[in-house]
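Coordinate-derived values only; no laboratory data. Computed from a predicted model, the values in this text were never measured in an experiment. Note that we place each Cβ from the backbone using ideal geometry, even for glycine, and neighbour counts take in every protein chain shown.
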Amino acid sequence: MAAPNASLSTLRQLLAERFPQASRPATGLLPTGIPSVDDALGGLPRHALTELVCAGPGVGSHLFLSQLLALTRALPARVALIDAADQFDPQSIPGDHLQHLLWVRCRTAADAMPVADLLAREANLDLVVLDCAPGPQPSLRRIPATTWYRLQRAVEQTDLAFLVLTPAALVPSAQLRLQLDRTHSLSSLSVDRPHLAVDLDVSRQRQRISTSA
């Protein structure tokens, strides 16, 4: 569901209406649907910021997000996507994989950060994704480190997992940092997403938190 140009007060009301009851997690991990992540770590840690560095175009960030939406829909889990550069294309995702999604459209990372702060405190969500990967690095680097640490402290008080997609390592408070850096060839366009996801190469760059279930 899109919420273009939504004010924070409107978002609060929308969250209360769309997600009226909190779901309690069974473990401290949220599966992703990506074997290289789930087999090694069990999924994304709850109560923590995870940064996924998307080191260039074609490395699989959209595939990662689409698999994550498919898996969380099947669980089911409640998800919010903060689209910091307003570039998410819902037509590229099967419609039934979007029924559990709150999509918040922003024009800049500066616009997205207050929304991230609000949603990081939302007890009724299982996952928040802040997609800054398409954004310009200079504007992202201007986000103060204190903003990221405040976001991490907010997430620690909830049961949600918080994933930040970035074009470079930019989140100093990330408890887990993953990276996508293998570009897919044009021939991969003819392969369906579940098969591509099996081969998606996600490396672990930093881990400050236990990911045991």
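Quick notes on this structure:
- Dipole size of the stretch 85-137 about its Cα centre, with +1 on Lys/Arg Cβ and -1 on Asp/Glu Cβ: approximately 120 debye, rounded to the nearest 20.
- Cut-off 11 Å between beta-carbons: net charge of the residues surrounding Leu130, Lys and Arg +1, Asp and Glu -1: -4
- At R0 = 30 Å, FRET efficiency that the Cβ-Cβ distance of Thr146 and Asp181 yields, to 0.05: 0.55
- Placing unit charges on each Cβ (+1 for Lys and Arg, -1 for Asp and Glu) gives the stretch 75-114 a dipole about its Cα centre, and among His97, Ile82, Pro114 the Cα reaching farthest toward its positive end belongs to Pro114.
- Here each label is just a point 7 Å from Cα along the line to Cβ, and for Arg206 and Arg153 those points are 1.8 nm apart.
- Nonlocal amide H pairs with Leu30, under 5 Å, H built at 1.01 Å: Leu44, Arg46
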